[in-house]
Amino acid sequence: MRRSLAVAVGVTVLACAGCSSKADSADAPSATKGTTTSSKAPPPKPTPKPSPVALSVPMYQRALTNVEKVLKPSVARLMNAQTVAAFDAARAQLAAAVVIERTELAKITPPRGLVSAHPAVLDAFDAYAGDVATELTRAGGTKTGCGYPKSLEVRLYEAKFGVWNAYTDLAQKVQKSVGKGLRFGALSVPAKLRQPDVIAGRGANGDVFQRSGPRGPGSLKISNAGNDVVIVVATSSPRKPQASIYVRADQSATLKGLRSQDYWVYFKSGRNWDAKNNRFTEDCSYQKFDDIFDGSYTWTISLTKSPLGNAPSSETEAF
């Protein structure tokens, strides 16, 4: 009787142990599911980009001054060029520097009071390249308006002046944009170039700069109401003159010492007198009076367009 009870108790204990094991097993998946759900977190919010900091007015002035300091050596190198090749190289360097400095200026945030002015400053830099191209096109010829070769001095002057003019315009536009409180241009804009003597050159009124052969008692009075003119007295070709005299516009002069023999009167007019070669280089005109002059008399000629004139003239080849 006692043995049976012992066995029964043992079975009961085993059964209870099995029940406990099933309960633990059932709870495990539930715990696992709860852990998985709680591990999901919301995605991180993106970090906002910092707002650009506007420069103060002194800092903006410093930026403009730095631009001038960078550009100044390139401008000076161009203005000191002694050959066309050296000029072209310096011009390209300056153009590249202007583009770089414009890019750097575009990165800054201007002071509140210059928000509308800053885009105009950038526009001025953008216009520089086009202004240079236009100026160099005007100065790109190798011959004068009268067909003579331009001297190296004139070619370099015209090319340098074109870039100087464009750069000066850039500085003036920037200065106008930023106003009187700031400065741009005084540091980097070079002094205006001195033009060669032949440009806008003129002879002295009454200057007899050519004369050949013996002199005589004859004279020729000239009244000039047109452009500057050179009167040439020659017995044959104007390239072999007896005498040549320069008469300025709206002035008079007298050519004395002419020989007592027949002669022709030639005259040429224009601008930019080349004293070294005795010729005008721009707007040239070459003419001669159709009638021959008797050297035994003193003559007076008036150079003016008039329907009442009694001394017809004709165009002739350059001399």
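Assess whether residue 253 counts as being in contact with a Gly (Cβ under 7 Å, 6 or more places away or on another chain), in a loop (DSSP other than H, G, I, E, B) and at pLDDT 95 or above.
No; evaluated as a whole, the condition is false for this residue.
Have a look at 85, 97, 127 and point out the one that is open to solvent by less than 60 Å² (accessible area, probe 1.4 Å) and either in contact with a His (Cβ under 6 Å, 6 or more places away or on another chain) or over 15 Å from residue 188 (Cβ atoms) (or both).
127
What is the one condition in (1) surrounded by fewer than 16 Cβ atoms within 10 Å (Cβ to Cβ); (2) within 24 Å of residue 74 (Cα to Cα); (3) among the basic types (Lys, Arg) that residue 160 does not satisfy?
With respect to (1) surrounded by fewer than 16 Cβ atoms within 10 Å (Cβ to Cβ); (2) within 24 Å of residue 74 (Cα to Cα); (3) among the basic types (Lys, Arg), residue 160 is out only on (1).
Could you list, in sequence order, the residues of the range 243-275 that are of a type in the set (Ser, Thr, Tyr), closer than 11 Å to residue 222 by Cα and in contact (Cβ under 8 Å) with a residue 40 or more places away in the chain?
Result: 246, 254.
Among 282, 317, which is in a strand (DSSP E or B) and of a type outside the set (Phe, Trp, Tyr)?
Just a single option satisfies the conditions, and that option is 282.
From the list 107, 173, 160, exactly one residue is over 26 Å from residue 281 (Cα atoms) and in contact (Cβ under 8 Å) with a residue 40 or more places away in the chain. Which is it?
That would be 173, the only listed residue that is over 26 Å from residue 281 (Cα atoms) and in contact (Cβ under 8 Å) with a residue 40 or more places away in the chain.
Results for (1) under 23 Å from residue 273 (Cβ atoms); (2) among the β-branched types (Val, Ile, Thr); (3) modelled with pLDDT under 95, shown as yes or no for each residue.
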site	(1), (2), (3)
148	yes, no, no
151	yes, no, yes
157	yes, no, no
161	yes, no, no
166	no, no, no
169	no, no, no
173	no, no, no
176	no, no, no
183	no, no, no
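Hey, among the residues in the range 259-279 that are assigned to a loop (DSSP other than H, G, I, E, B) and under 26 Å from residue 198 (Cα atoms), which one's most open to solvent (accessible area, probe 1.4 Å)?
First, the residues of the range 259-279 that are assigned to a loop (DSSP other than H, G, I, E, B): 259-262, 275-278.
Subset that is under 26 Å from residue 198 (Cα atoms): 275-278.
Details: 275: 70, 276: 186, 277: 83, 278: 45 Å².
Checked the range 259-279; the qualifying residue most open to solvent (accessible area, probe 1.4 Å) is 276.
Would you mind finding the one in 154, 98, 174 that is within 30 Å of residue 270 (Cα to Cα), β-branched (Val, Ile, Thr) and assigned to a helix (DSSP H, G or I)?
Just one listed residue meets the conditions, 154.
Inside the range 43-58, can you point out the residues that are open to solvent by 50 Å² or more (accessible area, probe 1.4 Å) and in contact (Cβ under 8 Å) with a residue 24 or more places away in the chain?
Within the range 43-58, 52, 53, 54, 57 qualify.
The values are calculated or read from the model by the stated rules, or taken from the named source; none is laboratory data. These figures come from a predicted structure and were not determined experimentally. Every residue, glycine as well, gets a Cβ built from its backbone with ideal geometry; the counts of neighbours run over all protein chains shown. We work out accessible area using only protein heavy atoms, side chains counted, and drop any ligands, DNA or RNA first. Shrake-Rupley method; radii C 1.70, N 1.55, O 1.52, S 1.80 Å.
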